[in-house]
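This report refers to the structure that appears directly beneath it.
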Amino acid sequence: MKPIEIEELDKLPGIRIRGGETFKFRCHPQVECFNKCCRNLNLFLYPYDVLRLKTSLQMTSDDFLDQYVDIILRPDNHFPEVLLRMADNPEKTCPFLTEAGCAVYHHRPDTCRTFPIEQGVLYDDARRKDLPVYFFRPPDFCLGQHELDEWTIPEWIEDQDAETYHRMTIKWSEIKRLFQSNPWGFEGPQGPKAKMAFMATYNLDKFREFLFQSSFLKRYHIKSALRKKLKTDDVALMKFGFEWVNVFVWGMSSKDIRPRT
Ligand code: SF4
Ligand code: SF4
């Protein structure tokens, strides 16, 4: 989900779809281009994507990150991007692509779910929050754009069961936006603080270990009901991880994470 500046809005590729406007699209296994879009992709994975995929594959987050992603730090960015690693074959197919389609369909990442809509986030100064913006942008080879089924964005989100994904991705984009500034100081982006921030957002199994097996709970007061929830509820843990990044990296105060005095 790309952070978009207001002045960029009219220059972006694709057709912007606003509230109430529609686009035409249908994808189905009989279409000639079936699965052509699942190869050679720069497919960004957001924390909730990793959580869903590693759960569906019954892997630890550590093993999933090891086996399936490339972690890239761009020179103008202060938090790494996580990209799904394409298979090592001439077509560079998605590792989850099978002849029958997507092997992780019910847990496919946000970007795949929303395709051929691309979602960006625009910071609304007045409301001081990120707002989603949508662009219809199928690649030329995608024949689904010539079908007649018509959708508004809310209808498409519902059809693709993408609402939770979008909610979590917006939460993530609010954290990610802060990393337009460099918080790492002399440690740099590979230092212990940066590693902690990555673990708290992308490597949730390790983060849980950290919460419960280090001195964390001696140093911070966490209400017992929340503590209990964090032991088993991955989504609660992810939200807590986002909060912890705000506290640990940016020095914000939090009602859920209070230093013990
Ligand atoms: S290219 Fe378009 S129509 Fe073809 S399989 Fe992908 S989404 Fe469906
Ligand atoms: S995760 Fe599934 S839908 Fe997404 S690119 Fe891979 S095979 Fe295609």
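The values are calculated or read from the model by the stated rules, or taken from the named source; none is laboratory data. All of these numbers come straight from a predicted model, not from anything done at the bench. As a convention, Cβ positions derive from the backbone with ideal geometry for all residues, glycine included, and neighbour counts pool all protein chains shown. Heavy atoms of the whole protein, side chains included, go into the accessibility calculation; ligands, DNA and RNA do not. Shrake-Rupley method; radii C 1.70, N 1.55, O 1.52, S 1.80 Å.
Can you name the strands (runs of 3 or more DSSP E) wholly within the range 30-137 that have at least 1 residues being open to solvent by 40 Å² or more (accessible area, probe 1.4 Å)?
The qualifying strands (runs of 3 or more DSSP E) are 69-72, 117-124, 129-136.
Among the candidates Glu243, Glu174, single out the residue that is touching a residue at least 12 places away in the same chain (Cβ under 8 Å), assigned by TED's automatic domain parsing to the domain that holds Val133 and closer than 23 Å to Leu65 by Cα.
On inspection, the qualifying residue turns out to be Glu174.
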Query - Every pair of residues 6+ apart whose Cβ atoms lie under 8 Å, when the first sits in the range 28-41 and is on the phi > 0 side of the Ramachandran plot while the second is surrounded by fewer than 16 Cβ atoms within 10 Å (Cβ to Cβ) - result: Asn35/Gly101; Asn40/Glu91; Asn40/Lys92
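Conditions tested, residue by residue: (1) farther than 16 Å from Leu41 by Cβ; (2) touching a residue at least 12 places away in the same chain (Cβ under 8 Å).
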{"site": "Asp63", "(1), (2)": "yes, no"}
{"site": "Pro75", "(1), (2)": "yes, no"}
{"site": "Asp88", "(1), (2)": "no, no"}
{"site": "Thr93", "(1), (2)": "no, yes"}
{"site": "Gly101", "(1), (2)": "no, yes"}
{"site": "Pro116", "(1), (2)": "no, yes"}
{"site": "Val121", "(1), (2)": "yes, yes"}
{"site": "Pro132", "(1), (2)": "yes, yes"}
{"site": "Asp140", "(1), (2)": "no, no"}
Query raised in the report: Residue check, Phe64 against (1) at pLDDT 95 or above; (2) within 16 Å of ligand 1 (Cβ to nearest atom); (3) touching a helix residue (DSSP H, G or I) at 6+ places or on another chain (Cβ under 8 Å), all met but one. Which one?
Result: (2)
Query raised in the report: When you look at Phe96, is it out of contact with any Leu (no Cβ under 9 Å at 6 or more places or on another chain) and not assigned by TED's automatic domain parsing to the domain that holds Gly241, yes or no?
Result: no
Requested in this report: Tell me which residues, restricted to the range 225-250, are more than 19 Å from the chain's Cα centre (by Cα) and either assigned to a helix (DSSP H, G or I) or under 21 Å from Leu53 (Cβ atoms) (or both).
Outcome: Ala225, Leu226, Arg227, Lys228, Lys229, Leu230, Lys231, Thr232, Val247, Phe248
Report task. May I ask you to verify whether Ile157 is touching a Phe, Trp or Tyr at 6+ places or on another chain (Cβ under 6 Å) and not polar (S, T, N, Q)? Result -> no
**Report entry** So Ile257, is it at pLDDT below 95, closer than 28 Å to Val121 by Cα and surrounded by 15 or more Cβ atoms within 10 Å (Cβ to Cβ)
**Finding:** no
Report summary line: Filtering the range 237-254 down to residues that are surrounded by 14 or more Cβ atoms within 10 Å (Cβ to Cβ) and of a type in the set (A, V, I, L, M) yields Leu237, Met238, Val245, Val247, Val249
Report task. Could you list all residues from the range 15-29 that are in a strand (DSSP E or B), more than 19 Å from Asp110 (Cα to Cα) and within 23 Å of the chain's Cα centre (by Cα)? Result -> Ile15
Report summary line: Inside the range 104-152, the number of residues satisfying the requirement of being away from ligand 2 (no atom under 14 Å from the Cβ), β-branched (Val, Ile, Thr) and out of contact with any Gly (no Cβ under 9 Å at 6 or more places or on another chain) is 1
